[in-house]
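To start, the structure under review is shown below, and the notes come after it.
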Ligand code: ATP
Ligand code: MG
């Protein structure tokens with residue numbers, strides 16, 4: 001079956017690393033049809049719209065989307081695009097690689113972050129001049145969706161179970177519901193869980209990241225803790241992410257447009273190529289996905305490397321080396 005893949009390079013180095021990832025996908029024996037669309041600062045300048053309707057519609061109908069980065073207009077582009085795929089979970093692996101300087105080289109974590117509610121529900125009020133409030137929404141249904149996804153994820157990827165990070169000792173109703181629902185779903189599926197208070201997690205993950213594998217967390221906690229873990233592995237140019245919905249998903253590097261190096265042809269394509277490997281696995285191409293992960297790892301270890309990793313290779317050199325190892 002042909003899968004339709006929306007390709008949205010966006011701005012800055014998105015224009016360099018996204019085509020690199022597409023080249024890698026094209027080198028594989030997979031039945032993909034790529035459809036490119038525009039989003040971001042450049043298209044806004046031309047047309048007045050950062051996210052043209054046809055780009056939104058494409059992401060909302062394609063089997064998967066590969067997105068690069070958007071500049072000033074990032075929020076106007078990526079938030080609606082995540083909506084277009086109805087994404088309820090954000091997957092953020094944080095893994096250190098041999099050959100890349102890391103604060104904690106033993107780090108190998110995957111965050112599964114709730115992607116629709118919590119304190120990011122956008123319900124804020126200014127009651128008086130000097131008092132403001134925020135309403136935190138946690139629903140059983142969103143927690144169930146996340147719990148079921150986490151169970152499938154650990155089974156598909158051969159993990160023993162997952163850790164729920166929360167603060168239910170203080171936020172008894174909201175994080176209580178989050179923790180209890182996910183724990184119930186895991187019990188029903190025969191998946192092992194443990195739990196950790198999110199503040200304690202922040203300390204433990206810095207000292208001993210190897211004691212954790214898959215961490216399931218509420219929206220804000222997932223945002224902050226996965227950034228913390230990103231600091232442990234070093235190199236923004238290496239971190240991939242996926243926004244997964246019930247029927248489709250969007251894959252993107254964690255980094256932005258990197259205006260300081262855009263246009264020079266030296267951006268590290270690894271984060272986007274690893275995102276493409278996650279796209280392959282999402283669509284059931286497990287072997288191909290694994291092969292891409294291994295080719296990236298071998299290239300990080302033995303070179304060539306882009307300047308952010310201390311080398312002097314171009315985006316193209318690294319992409320060709322990865323393709324050569326496939
Ligand atoms: P934006 O506003 O689009 O997020 P930014 O200035 O925050 O832009 P980032 O893309 O977040 O830039 O990158 C932060 C730093 O990391 C920059 O110095 C950038 O050059 C570097 N960087 C990010 N991604 C890469 C990459 N893929 N390859 C090499 N360097 C990168
Ligand atoms: Mg940035």
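The values are calculated or read from the model by the stated rules, or taken from the named source; none is laboratory data. Note that the structure is predicted; figures quoted are calculated from it, not measured. Neighbour counts run over all protein chains shown; Cβ positions are idealised from the backbone, glycine included.
Within the option set 144, 173, 117, being modelled with pLDDT of 95 or more and within 18 Å of residue 88 (Cα to Cα) holds for one residue only, 144.
In this structure, is residue 55 over 30 Å from residue 140 (Cβ atoms) and in contact (Cβ under 8 Å) with a residue 24 or more places away in the chain? The answer is yes for residue 55.
Here the stretch 106-126 is the region considered, the condition is being in contact (Cβ under 8 Å) with a residue 60 or more places away in the chain and more than 21 Å from residue 176 (Cα to Cα), and the residue that is surrounded by the most Cβ atoms within 10 Å (Cβ to Cβ) is 109. Residues of the stretch 23-51 that are in contact (Cβ under 8 Å) with a residue 40 or more places away in the chain, within 19 Å of residue 275 (Cβ to Cβ) and surrounded by fewer than 21 Cβ atoms within 10 Å (Cβ to Cβ): 23, 27, 28, 30. Please indicate, with yes or no, whether at least one residue in the stretch 259-277 is within 7 Å of ligand 1 (Cβ to nearest atom), within 21 Å of residue 80 (Cα to Cα) and over 10 Å from the mean Cα position of the chain (by Cα). Checked the stretch 259-277: no residue is within 7 Å of ligand 1 (Cβ to nearest atom), within 21 Å of residue 80 (Cα to Cα) and over 10 Å from the mean Cα position of the chain (by Cα).
Take residue 213 and tell me if it is surrounded by fewer than 20 Cβ atoms within 10 Å (Cβ to Cβ) and within 15 Å of ligand 1 (Cβ to nearest atom). Against the criterion (surrounded by fewer than 20 Cβ atoms within 10 Å (Cβ to Cβ) and within 15 Å of ligand 1 (Cβ to nearest atom)), residue 213 does not qualify. Sort out which residues of the stretch 250-283 are within 16 Å of ligand 2 (Cβ to nearest atom) and part of a loop (DSSP other than H, G, I, E, B), and write them in order of number. The answer is 254, 255, 256, 257, 258, 259, 260, 261, 262, 267, 268. Listed by first and then second residue, the pairs with beta-carbon distance under 9 Å, at least 6 apart or on different chains, first residue in the stretch 92-105 and free of Cβ contacts under 8 Å to residues at least 24 places away in the same chain, second exposed (fewer than 15 other Cβ atoms within 10 Å of the Cβ), are 105/98.
Looking only at the stretch 6-56, residues that are out of contact with any strand residue (DSSP E or B) (no Cβ under 7 Å at 6 or more places or on another chain) and at negative phi come to 24 in all.
With respect to residue 230, is the statement that it is within 16 Å of ligand 2 (Cβ to nearest atom) and over 29 Å from residue 178 (Cβ atoms) true? In short, no. Considering (1) in the same structural domain as residue 208 (by the TED database); (2) within 11 Å of ligand 1 (Cβ to nearest atom), the lone condition that residue 221 does not fulfil carries the number (2).
Among helices (runs of 4 or more DSSP H) entirely within the stretch 8-112, having at least 3 residues that are assigned by the TED database to the domain that holds residue 315 and closer than 25 Å to residue 233 by Cβ singles out 14-26, 74-84. Put simply, of 226, 241 the only residue that is in a helix (DSSP H, G or I), within 17 Å of the chain's Cα centre (by Cα) and buried (at least 18 other Cβ atoms within 10 Å of the Cβ) is 226. More than 13 Å from residue 93 (Cα to Cα) and more than 16 Å from ligand 2 (Cβ to nearest atom): is that true of residue 286 in this structure? So residue 286 passes the test.
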